[in-house]
Amino acid sequence: MSPPRTNPLAWLAAPQQRHFVVAAVILAAAAVGWSWTVNTLKWALQKEAVPWPAGVVVREDFSLEGLTAQMGPFRMVQGDGALDRDERGELRLDGLPDGDIRLEDDVKEALGMGSADRTRRPSRQSNWYCVRIFEDTRPGAPCRYWQLEVYYYTGGLDTVPHVPDRCLIAGGATLLGSRTVTFPAPQAPQPWSAVPVERVGYEQSDRSGMQTRSFVQYYVFSLNGEPESSWEIVRGKLMDPRLRRCYFAKIQFAPQVSMADAREADQAAGEFFAAVAPRVLKLLPTSQQVAQADSAGKESQQTTTR
């Protein structure tokens, strides 16, 4: 006995199925409309990379090579075992200057260095990092050692997840607040001669947990060659679909000593920034270089599509 014939479209008659069809039609229309919008307005959902400036050398482990060791009165720590100690306080020798910090693989992975962008390094378009310890050689300086960190991101989906405001909390510190301060850098090119920098104050307990001291960290971003102190603004601009080619770099620095006096800390930090900013900025593309790279990329794309 043959089964009764059924109408293959009969399921559409059910009320719950009609709702499903309406939703599906709306989603399909939205997808078509979004695709049209992206293509017509030439929006960029995947950012294109900005190559490093000429002269920048990045090692296979994505650490920077060749940052000037002497910047004003600040000199990179050259000795092996001068600062590097293990948990017992004993000197640790690794054959490298203590002032040239190499990050462990798991830390680099967390920072987005050297994984997804490994294939872009030969074309000078990958992420890279630089962590250095400098010594203030002037007698009586309020802070003898400074840590400088530079992280370069381009051509990826990273949207500024790592800033002291959040990372310090994750590390067990107590935030005391943040404030934007302006540091002059007379030797730096425009628009970096007077730079808004974010200062983050925090408290950290020692290993015994019996003593708490106050510290500060400073950071500023270069977004396509322009200074910006707010990570929220940097994130917002990176998510702008009209921005096709871009990079951002975080420049972070901190005295390696407790500094409870904000004025004293700012004075010392301003002197450090004025000395290192001109050298660090040579590692980063200017806004003009970004524009040139963007124009060259558009010309290459037009040639390919002809």
Query raised in the report: Among (1) part of a helix (DSSP H, G or I); (2) at pLDDT below 90; (3) buried (at least 17 other Cβ atoms within 10 Å of the Cβ), where does Gln289 come up short?
Result: (2)
Report summary line: Restricting attention to the stretch 123-173, the residues that are in a loop (DSSP other than H, G, I, E, B) and either modelled with pLDDT under 85 or charged (D, E, K, R) (or both) number exactly 12
Query raised in the report: Given the conditions (1) without any contact (Cβ under 8 Å) to a residue 40 or more places away in the chain; (2) hydrophobic (A, V, I, L, M, F, W, C); (3) out of contact with any strand residue (DSSP E or B) (no Cβ under 7 Å at 6 or more places or on another chain), and given that Met71 satisfies all but one, which numbered condition is not satisfied?
Result: (1)
Report summary line: Those residues of the stretch 217-271 which are part of a loop (DSSP other than H, G, I, E, B) and of a type outside the set (A, V, I, L, M, F, W, C) amount to Asn224, Gly225, Ser229, Ser230, Asp240, Pro241, Arg242, Arg244, Gln256, Ser258, Asp261
Report task. Spot the failing condition for Pro139; the list is (1) within 29 Å of Arg245 (Cα to Cα); (2) surrounded by fewer than 14 Cβ atoms within 10 Å (Cβ to Cβ); (3) not aromatic (Phe, Trp, Tyr), and only one is missed. Result -> (1)
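Based on this model, can you work out whether Asp165 counts as acidic (Asp, Glu), on the phi < 0 side of the Ramachandran plot and crowded, with 19+ Cβ neighbours inside 10 Å?
Numbers: acidic (Asp, Glu): yes; on the phi < 0 side of the Ramachandran plot: yes; crowded, with 19+ Cβ neighbours inside 10 Å: no.
Against the criterion (acidic (Asp, Glu), on the phi < 0 side of the Ramachandran plot and crowded, with 19+ Cβ neighbours inside 10 Å), Asp165 does not qualify.
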Report summary line: Result of the Cβ filter at 7 Å on the stretch 175-194, keeping first residues that are more than 14 Å from Ala269 (Cα to Cα) and partners that are of a type in the set (Ser, Thr, Tyr) and in a strand (DSSP E or B), at least 6 apart or interchain, is Leu175/Tyr202; Leu176/Tyr202; Leu176/Ser214
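Rundown of residues vs (1) at pLDDT 50 or above; (2) touching a helix residue (DSSP H, G or I) at 6+ places or on another chain (Cβ under 6 Å); (3) within 27 Å of Leu111 (Cα to Cα), yes/no style:
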position	(1), (2), (3)
Ala23	yes, no, no
Val38	no, no, no
Ala54	yes, no, yes
Pro73	yes, no, no
Asp80	yes, no, yes
Asp86	yes, no, yes
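The values are calculated or read from the model by the stated rules, or taken from the named source; none is laboratory data. Owing to the predicted nature of the structure, the values given are computational and were not obtained by experimental measurement. For neighbour counting, all protein chains shown are included, and Cβ atoms are generated from backbone atoms with ideal geometry for every residue, glycine included.
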